[in-house]
Amino acid sequence: MAGLGTWFVLLMTVAGFLLWRNRLFSARWALWALLLSFPLPYIANTAGWMTAELGRQPWLIYGLMRTSEGYSNMVSASNGLFTLLGFMGLYALLGLLFTVLIYREISNGPGPKTMPSDLVHTE
């Protein structure tokens, strides 16, 4: 996770510098590095979560409480189910909204191809 974070800082610094010099869109190597780095935030997020969660087993409070003692007697199974269904519904709604918005954007198609004014050379 920390290594990928360092990679993101380095990549964004290089991309920002190239953009500042108006060379980002012509530097194929930088565009490929940006494209291939697309799944890395998800990997870093999952790796960080797994490190945090696996690191606290088998002790909930190291040396004082085992994981089997860390549940609440006050929370019923129906409360857990209600919360699970609520989160599932929320994520289903967000997924549907994302799909509708992406479909609408794709159906509009690309706009007219124009060059930014600072990249157009007039002679």
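The values are calculated or read from the model by the stated rules, or taken from the named source; none is laboratory data. What you see is a predicted model, and the numbers here were worked out from it, not measured in a lab. In this analysis, Cβ positions are derived from the backbone assuming ideal geometry, glycine residues included, and neighbour counts consider all displayed protein chains. Remember, those area values only see protein heavy atoms, side chains included, never the ligands or the DNA or RNA. Shrake-Rupley method; radii C 1.70, N 1.55, O 1.52, S 1.80 Å.
Scanning the chain for long hydrophobic helices, with DSSP H runs required to stretch 20 angstrom or more by C-alpha along their axis and to average at least 0.0 on the Kyte-Doolittle scale, returns 2-20, 40-55, 77-108. The accessible area of residue 13, taken with all protein chains in place and a 1.4 Å probe, comes to roughly 90 Å².
Given a Förster distance of 35 angstrom, what is the FRET efficiency for residue 90 paired with residue 15, based on the Cβ-Cβ distance and rounded to 0.05?
Here the calculated transfer efficiency is 0.55.
Tell me, in nm to one decimal, what length is gained between residue 47 and residue 74 on full extension, where the rule is 0.36 nm per residue of separation less the Cα-Cα distance?
Values: separation 27, 0.36 × 27 = 9.72 nm, distance 3.19 nm.
The residue 47-residue 74 span can extend by a further 6.5 nm.
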